[in-house]
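The values are calculated or read from the model by the stated rules, or taken from the named source; none is laboratory data. All figures in this text were calculated on a predicted structure; none of them were measured in a lab. Note that we place each Cβ from the backbone using ideal geometry, even for glycine, and neighbour counts take in every protein chain shown. Heads up: the accessible areas ignore ligands, DNA and RNA and are worked out on the full protein's heavy atoms, side chains in. Shrake-Rupley method; radii C 1.70, N 1.55, O 1.52, S 1.80 Å.
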Amino acid sequence: MKVAVLSDIHANQTALCACMEELKKRKKRGCPVDVVILLGDYVTDCPYPQRTMELLYELSLLYPCHWIRGNREEYLLTYQDQMEENDIEEKWEESSSTGSLLYTYNNLSKKDLDFFRSLPISDVITLEGCKPLCVFHGSPKDAKELLKQGNGRAEYYLKERAESYLLGGHTHDQCEIRCDGKVFWNPGALGIPFGVKGKTIFSILTSKTDGWDCEWVTIPYSIEAEIKQFEESGLNRMANIYALVTRQSLIEGRNIMLETVTLANKLAEQEEIEKKGLKIPEKYWEDAARRLKIL
């Protein structure tokens, strides 16, 4: 039994196409994937989320798929609920703070949002003859929780859970954490990976008599083709600095997004500007981008 584990696609349909092509090649070589597990954050940040969803629906026709809801899907669903109930303090707008989210929301269908709503934030997958897999986006309890080297959260869940194998995403870094004879694997971000340049990453698990082995997969794809779509789609205009930072993160393979948001927040706080929800005044985004030599 072989299981492909994909996480954090973030609407990068160019990387997703490369991944799907890799799975086809493996099938032709006689080592096909039997099942696909998808760990959330399917959309936001990159252009044309509707195209990504079309590819994912196509993927579900090719393989048995197990889906998890990510924190980005939760943002979209919360916004939809607030809009429908007319109970929203601040609407998303064209800006570095919320423009990417608004662009994504405007380009998804009711079918897409209904599909996200049907997904759990965690699940236990038991495939015939295989050890169970506990799967989630951030953690079994919270789609936004970070399980990473050094913070002890992966070890906490490895001790708490009955399952010996835990799979999660969210951090965008591939990692393996072992504790008490159990293991947590993060396949990394397929769409905006950290730690590699010019490539996309995911994992393939292979069942064995006493458990699972994990293969870290890294394949090249055309970042230039993906970046070209930022301008033609209108995402650059709607998301401004955030779109610029996303493009740079794709190119450099590191978390420039976090660096920019953190600095923009700090600059606003220094001038005692109160942050409202997700929104940071545009001038601080621009100042942060200049200081980080992105703009």
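Top mean-square fluctuation among Ala154, Ala225, Ala243, Gaussian network model of the chain, C-alpha springs under 10 Å? Looking only at Ala154, Ala225, Ala243, the largest GNM fluctuation is found for Ala225.
Students often get this wrong, so check it: of Lys148/Lys182; Lys144/Lys182; Lys197/Lys228; Lys199/Lys266; Lys141/Lys182, which have C-alpha atoms separated by over 24 Å?
On the way: Lys148/Lys182 15 Å; Lys144/Lys182 22 Å; Lys197/Lys228 17 Å; Lys199/Lys266 32 Å; Lys141/Lys182 19 Å.
Too far apart for the 24 Å limit: Lys199/Lys266.
Inter-part distance, region 10-31 to region 136-157, computed on C-alpha centroids, equals 28 Å.
Of the trypsin sites (Lys or Arg not before Pro) in region 212-295, the ones in a loop by DSSP (not H, G, I, E or B) with at most 12 other beta carbons within 10 Å are Lys293. A simple spin-label model places pseudo-atoms 7 Å from Cα toward Cβ; at Glu94 and Leu258 they are separated by 3.2 nm.
Angle between the Cα long axis of helix 49-62 and the longest principal axis of the chain, 0 to 90 degrees, nearest 10? That helix lies at roughly 10 degrees to the long axis. Between Thr209 and Met1, the simple label model (points 7 Å from Cα in the Cβ direction) yields a spacing of 1.7 nm.
So what is the relative contact order of region 12-97, in percent, for Cα pairs below 8 Å that sit 6 or more residues apart?
On the way: 65 pairs, mean separation 27.1, N = 86.
Relative CO of region 12-97 lands at 32 percent.
If you take the Cα centroid of region 238-293 and the Cα centroid of region 188-217, the two points sit 29 Å apart.
Please tell me the relative contact order of the chain in percent, rounded to the nearest whole number, where contacts are Cα pairs under 8 Å and at least six residues apart.
Numbers: 595 pairs, mean separation 59.3, N = 295.
This gives 20 percent for the chain.
If you count the DSSP beta bridges with both ends in the chain, what percent of them are antiparallel, to the nearest 5? Restricted to the chain, the bridges split so that about 65 percent are antiparallel. Computed about its Cα centre, the charge dipole of region 1-154 is approximately 1180 debye, with only Lys, Arg, Asp and Glu carrying charge at their Cβ.
If only the Cβ of Lys and Arg carry +1 and only the Cβ of Asp and Glu carry -1, the dipole of the chain around its Cα centre is close to 1100 debye.
Scanning the chain for GluC sites (Glu not before Pro) lying in DSSP loops with no more than 11 further Cβ atoms inside 10 Å, the longest uninterrupted stretch between such sites is 129-270. Excluding same-chain neighbours fewer than eight residues apart, the aspartates and glutamates reachable from Lys131 by a Cα-Cα span under 12 Å are Glu163, Asp210, Asp213.
Computed over protein heavy atoms with a 1.4 Å probe, the carbon and sulfur contribution to the accessible area of region 193-286 reaches 50%.
Taking the helices alone, the chain has a mean residue ellipticity at 222 nm of -12500 deg cm²/dmol, built from -39,500 (n - 2.57) per DSSP H run of at least 4 residues and averaged over all its residues.
Taking only the C-alpha atoms of region 60-200, Rg followed by Dmax gives 17.1, 51 Å.
Comparing Thr209, Thr260, Thr104 in a Gaussian network model of the chain where C-alpha atoms under 10 Å apart are linked, the largest mean-square fluctuation is found at Thr209. For the chain, the longest principal axis of the Cα atoms and the long axis of helix 13-28 meet at an angle of about 10 degrees.
Under the rule a/c < 1.5 gives rounded, and otherwise a/b versus b/c splits prolate from oblate, where does region 57-138 land using the Cα gyration tensor?
In terms of gyration-tensor shape, prolate.
Surface composition of region 1-126: carbon and sulfur make up 46 percent of the accessible area, probe 1.4 Å. Think of a 1.4 Å ball rolled over the protein heavy atoms: region 180-241 then has 41 Å² of accessible area per residue.
Identify the residues of region 207-240 with backbone N under 20 Å of a label point that sits 7 angstrom from the Cα of Arg29 along the Cα-to-Cβ direction, or state none. Under cut-off, by backbone N: 207-208, 213-222. Note on the chain: GNM, Cα springs under 10 Å; of Gly152, Gly70, Gly195, the largest mean-square fluctuation is that of Gly152. Helix 71-84 versus the longest principal axis of the chain: what is the Cα-based angle in degrees, 0 to 90, to the nearest 10? Its long axis makes an angle of about 50 degrees. Close amide H contacts of Gly70 (hydrogens built in the peptide plane, cut-off under 5 Å, sequence separation of 5 or more or a different chain): Asp41, Tyr42.
When all alpha carbon pairs of the chain are counted in 5 Å bins from zero, the resulting P(r) reads 1, 5, 12, 16, 18, 17, 13, 9, 5, 2, 1, 0, 0 %. Based on C-alpha pairs under 8 angstrom that are at least 6 apart in sequence, region 205-295 has a relative contact order of 19 percent.
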